[in-house]
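Any read-out appearing in this document is the output of simple, stated calculations on the displayed coordinates, not a laboratory observation. Bear in mind the structure is a predicted one, so any value in this text is a computation, not a measurement. Backbone-built Cβ (ideal geometry, glycine too); neighbour counts: all protein chains shown.
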């Protein structure tokens, strides 16, 4: 897909990523490294927790969302560079989930002080194989202008 | 540290985590797995990018923030369970950075429908060894009440 500059983007544009599967071992490996809480590490402990079963760390879901985006799910010139945003996890990512990222351009704002770039607000919904959102990220991205 | 229930938390309470160092190899390993963009993978490409040098993925900074929080930096009963929040990366995490997480309770709200829990808004600033914020996360956490 041709990379898009700020000048090519407008509100309402939509992108769909390739899909990506996640298993229990990946959930536990991420948790061991970054977020070693029982409900991300162990099926039995997770069953007794608020999650009612093994659940990926929210940051694992966030990290997993990046490769589909950078592999063409958000074909932005210069890469996907976030300054920040809002994130929500309406439900956890589970072992066996297959995730796809659906994105929509919400706002495009050329910078007043930097004529070479601007900010794009991109809303990316990460959905599982049942179409349920496991993450909604509304991110502010730094996007270059055509020179 | 004694784990704190909703009933023990009030706005203005502050916590400081242990510190954690990050090196170039960890930045690249995370990027290879989750966010394989040149400015997270390669010093030379990063130098030519908007970052001006190797920079950790924002999601790597977010993931790295969790262990200090769960290791006592946010001593919450039942664990640190986020429903979502706002995240900003005022500057990137760099190789050699040593990160510490400074948290403050912003709001405590018992649930109306679930008498066993409530929501706590926790603002966590992840700072490098110069005291500069690399991440500001204002998270909505699910916290149990004393039974």
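For residue B:107, place a label point 7 Å out from Cα along the Cα→Cβ vector, do the same in each other copy, and report the separations in nm, one decimal, smallest first.
Going from nearest to farthest copy, the values are 2.0 nm.
Using the alpha-carbon centroid of each, what span in Å lies between region B:96-147 and region A:76-142?
Between the Cα centres of region B:96-147 and region A:76-142 lies a distance of 22 Å.
What is the order of A:103, A:147, B:19, fewest Cβ neighbours within 10 Å to most?
Numbers: A:103 23, A:147 6, B:19 15.
Final ranking by Cβ density, sparse to dense: A:147, B:19, A:103.
Specify the angular offset, from 0 to 90 degrees and rounded to the nearest 10, of the alpha carbon long axis of helix B:24-34 from the longest principal axis of the alpha carbons in chain B.
Roughly 70 degrees, rounded to the nearest 10.
Where a ≥ b ≥ c are the square roots of the eigenvalues of the C-alpha gyration tensor, would you call the protein assembly as shown rounded, which needs a/c under 1.5, or, failing that, prolate if a/b is larger than b/c, or oblate? Walk me through the numbers before you get to the answer.
Working: a/c = 1.67, a/b = 1.44, b/c = 1.16.
Note, shape of the protein assembly as shown comes out prolate.
Fewest Cβ neighbours within 10 Å first, please rank B:87, B:81, B:106 accordingly.
Values: B:87 25, B:81 22, B:106 15.
Taking fewest neighbouring Cβ atoms as first place, the list is B:106, B:81, B:87.
Per residue of A:81-90, what is the mean number of Cβ atoms on other protein chains within 10 angstrom of that residue's Cβ?
On the way: counts 9, 6, 5, 9, 5, 5, 9, 5, 5, 2.
Average per residue, whole number: 6.
Can you tell me the orientation of helix B:58-68 relative to chain B, as the angle in degrees between its alpha-carbon axis and the longest Cα principal axis, to the nearest 10?
50
Would you mind giving the mean number of other chain beta-carbons within 10 Å of the Cβ of each residue in A:35-41, as a whole number? Walk me through the numbers before you get to the answer.
Values: counts 10, 4, 8, 2, 3, 3, 0.
Partner Cβ neighbours, averaged per residue: 4.
If packing is taken as the average number of other Cβ atoms within 10 Å across a peptide's residues, how do A:43-55, B:65-77, A:89-101 rank, most packed first? Display every interim value, and only then the final one.
Working: A:43-55: 15.8, B:65-77: 20.8, A:89-101: 18.8.
Ranking the peptides A:43-55, B:65-77, A:89-101 by packing returns B:65-77, A:89-101, A:43-55.
Starting from a label point 7 Å past Cα on the Cβ side, list the distances from residue B:52 to the same position in the other copies, nm, shortest first.
Here the equivalent label points are 5.1 nm apart from this one.
Between copies, how far does the label point of residue B:26 sit from its twins, in nm, shortest first, when each point is 7 Å from Cα along Cα→Cβ?
Reported distances to equivalent positions: 2.3 nm.
Using just the helices of the protein assembly as shown, give the 222 nm mean residue ellipticity in deg cm²/dmol: DSSP H runs with n ≥ 4 each add -39,500 (n - 2.57), and the total is spread over all residues, rounded to 500. Working shown, then result.
Numbers: 8 runs with 62 residues, N = 294.
Taking each H run of at least 4 residues, the total per residue is -5500 deg cm²/dmol.
Once you have a ≥ b ≥ c as the square roots of the Cα gyration tensor eigenvalues for region B:8-98, tell me rounded if a/c is under 1.5, and otherwise prolate or oblate according to whether a/b is larger than b/c.
Numbers: a/c = 2.43, a/b = 2.35, b/c = 1.03.
Prolate is the answer for region B:8-98, as a/c is 1.5 or above and a/b outweighs b/c.
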